[in-house]
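Shown next, in structure tokens, is the structure this report addresses.
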Amino acid sequence: MNRELFVQATYMVASVLFILGLRSLTKTDSARRGMQQAALGMLVAVVGTLLHHEIVRYEWIIAGLVLGSLIGYPLGVYVPMTAMPQRIAISHLFGALAATLVGVAEYYTHIRDGAEISPALMAALGFEVLFGALTVSGSFMAFGKLQEFITGRPVTYPGQNVMNLGVFAGAVGLFGYLIANPGHPALFYTMLGLALLFGFLLVLPIGGADMPVVISLMNSYAGLASSATGFAIGNNVLIIAGALDGASGFILSIIMSKAMNRSFRNILFGAFGSAPAAGAAKTSEGLSVQSISVEDAALRLAYARLVIVVPGYGLAVAQAQHQVRELAELIEKNGGEVKYAIHPVAGRMPGHMNVLLAEANIPYDKLKDMEEINHEFPNCDVALVIGANDVVNPAARNDKASPIYGMPILDVDKAQSVIVMKRSMNTGFAGIENELFYLPKTQMLFGDAKSSLTKLVQEIKNG
């Protein structure tokens, strides 16, 4: 078997492994295997690429592998689950940056050498740079908003949408012109600059509540840029992997939008997450909450027949997933049943809660999607809400003036009783009061979730 045939064979094997890995990721109990298949596929793809006949020097490649490993290992091992959304955003940034730099290098090399750039090649290079650059700046903005060195609130100003569309139209117009007339470096780099600017402007008016959708959308854009890179440099595995990434990211964005009852247009231009207008939603004026002691909460949980745990970002912040598992085991020893209700947009990225609970070795079959679990809340003795807010707010069903009206929620308010664990009465990402907290059946257990859960566990053991 000659070298080129072997390279293409490795690309085929890698592509099959990517597809199998993506399929395995559709189910919680096979997700770990899916990651292993995808990782093996990437290893095979890298090996095949390193054997490509165009590579004659390996010094820079080895240096890149060492540098990437030094950066990637700490990101994979030491970044806490609370910062995982930021890490994902940074990963998208690096991937898109790589695709953009390859596109710029290919264009520069052709112009420098006086080589002909066909319309097809220019289309691939332009698409790669256009989507790659806007993903770089857009992912950086998403990272900044999640890390909170950029305000998580939408930043809006008059004429913003017109300006954004104008910048994007200018970049696309230059892209179209360059396909017909590729020999204009100044226009190429202007297009690059406009794409970078558009990425910043695109995410600037989007609030923190929409960051899960933004992350999945940037994932899609990075995949499209990578696929275009494959066309530009003739790498089949990049074409396939990029297409898979782009399509899956886009589908995930649609699923996330549906879970929030929002359209792409509304997410990109609606500034969800901004402070609600005066009188736009119900307030807590004249209402009061009921507190519960650790002792009373422990007694109620210890003798419950069915407890449904609703995890949210507060659980991730407290890193209390292991305490949740220990509490559940005690309830089950007393003859009760524990299930976990997972909302599609709970946390700050798709699947955040699933990964968090799986880290504590909570059985996969106990993790229930919203559609699976909602009908069980009326039969639930205690719904234990840990750090979730907007995804359990009945205003989504009851208050037409609410900014989250129409968003599918977990039917926690239909449980027999509700215990909510929160540090304070601060609002969620949507910036509105949660009607659930003021219901007669709801009682608040204030404090750090990890500390409160530890006390609950100890109280049930002592009881």
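Structural remarks
- Cα gyration tensor category, rounded, prolate or oblate, for the range 188-258 with a/c compared to 1.5: oblate
- Centroid-to-centroid separation of the range 111-128 and the range 87-103 [C-alpha atoms, Å]: 21 Å
- With Cα atoms, 0 to 90° folded angle of helix 31-50 axis to the chain main axis: 10 degrees
- Solvent accessible area, Å² - His322, 1.4 Å probe, full protein context: 80 Å²
- The long axis of helix 449-462 is offset from the longest Cα principal axis of the chain by roughly 40 degrees.
- Between Glu295 and Met12, the modelled label-to-label distance comes to 7.3 nm, taking each label 7 Å out from Cα in the direction of the beta carbon.
- In terms of accessible area, using a 1.4 Å probe and ignoring ligands and nucleic acids, Val46, Val214 rank largest first as Val46, Val214.
- Per-residue SASA remark: Asp29, around 110 Å² accessible (1.4 Å probe; ligands, DNA and RNA not included).
- In this calculation the C-beta distance from Ser424 to Asn398 is compared with R0 = 22 Å, giving a FRET efficiency of 0.40.
- Net charge of the neighbourhood of Arg325, taken over other residues with C-beta under 11 Å away and scored Lys/Arg +1, Asp/Glu -1, is -3.
- Accessible surface, the chain, averaged per residue in Å² (probe 1.4 Å): 46 Å²
- Phi to ³J(HN,Hα) by Karplus 6.51 cos²θ - 1.76 cosθ + 1.60 over the range 397-409, Hz, x for Gly, Pro: 9, 9, 10, 5, 7, 6, x, 9, 4, x, 6, x, 10
- A Cβ-based charge dipole, computed about the Cα centre of the range 1-78 with Lys and Arg at +1 and Asp and Glu at -1, lands at about 300 debye.
- Each residue, Asn161 and Glu371, gets one label point 7 Å from its Cα in the Cβ direction; the gap between the two is 3.1 nm.
- Seen from a random direction on average, the alpha-carbon convex hull of the chain projects onto 24.4 square nanometres.
- Extension gain, Arg33 to Val66: 0.36 nm times the residue separation minus the Cα-Cα distance gives 9.2 nm.
- Gyration tensor (alpha-carbon) shape descriptor, the range 1-144, a/c threshold 1.5: oblate
- Accessible-area composition of the range 1-78, carbon plus sulfur, in percent [1.4 Å probe]: 71 percent
- Basic side chains Lys and Arg get +1 at the Cβ, acidic Asp and Glu get -1 at the Cβ, and with that the dipole of the chain about its Cα centre reaches some 260 debye.
- Given R0 = 25 Å, the distance between the Cβ atoms of Thr190 and Phe94 translates into a calculated FRET efficiency of 0.55.
- Simple spin-label estimate for Ile19 and Lys461 in nanometres, 7 Å along Cα-Cβ: 5.1 nm
- The range 81-270 - percent of accessible surface contributed by carbon and sulfur, probe 1.4 Å: 70 percent
- Structure-based [θ]222 nm, the chain - -39500 (n - 2.57) summed over DSSP H runs of at least 4, per residue, nearest 500: -19500 deg cm²/dmol
- Each residue of the range 174-183 is assigned a 3J(HN,Hα), and the resulting list reads 5, 4, x, 5, 5, 4, 7, 9, x, x Hz, derived from the Karplus form 6.51 cos²θ - 1.76 cosθ + 1.60 (θ = phi - 60°), x at Gly and Pro.
- Rounded if a/c under 1.5, otherwise prolate or oblate - the range 60-107, Cα gyration tensor axes: oblate
- Leading residue at positive end of dipole, the chain (Cβ point charges), from Ile362, Ala195, Ala124: Ile362
- C-alpha long axis of helix 321-333 to longest principal axis of the chain, angle in °: 40 degrees
- Restricting the calculation to alpha carbons of the range 81-270 gives Rg and Dmax of 16.6, 52 angstrom.
- Here's the list of lysines a cross-link from Lys400 could span, going by alpha-carbon distance under 24 Å and ignoring same-chain residues fewer than 8 apart: Lys258, Lys282, Lys414, Lys441.
- Sites Glu54 and Glu329, calculated FRET efficiency, Cβ-Cβ separation with R0 45 Å, nearest 0.05: 0.20
- Net charge dipole size for the range 294-462 [Lys, Arg +1 and Asp, Glu -1 on Cβ; Debye, nearest 20]: 220 debye
- Sulfur and carbon atoms: percent of accessible area, the range 278-404 [1.4 Å]: 47 percent
The values are calculated or read from the model by the stated rules, or taken from the named source; none is laboratory data. Note that the structure is a prediction, hence the values are computed from the model and not measured. Positions of Cβ are backbone-derived with ideal geometry, glycine not excepted, and every protein chain shown enters the neighbour counts. Remember, those area values only see protein heavy atoms, side chains included, never the ligands or the DNA or RNA. Shrake-Rupley method; radii C 1.70, N 1.55, O 1.52, S 1.80 Å.
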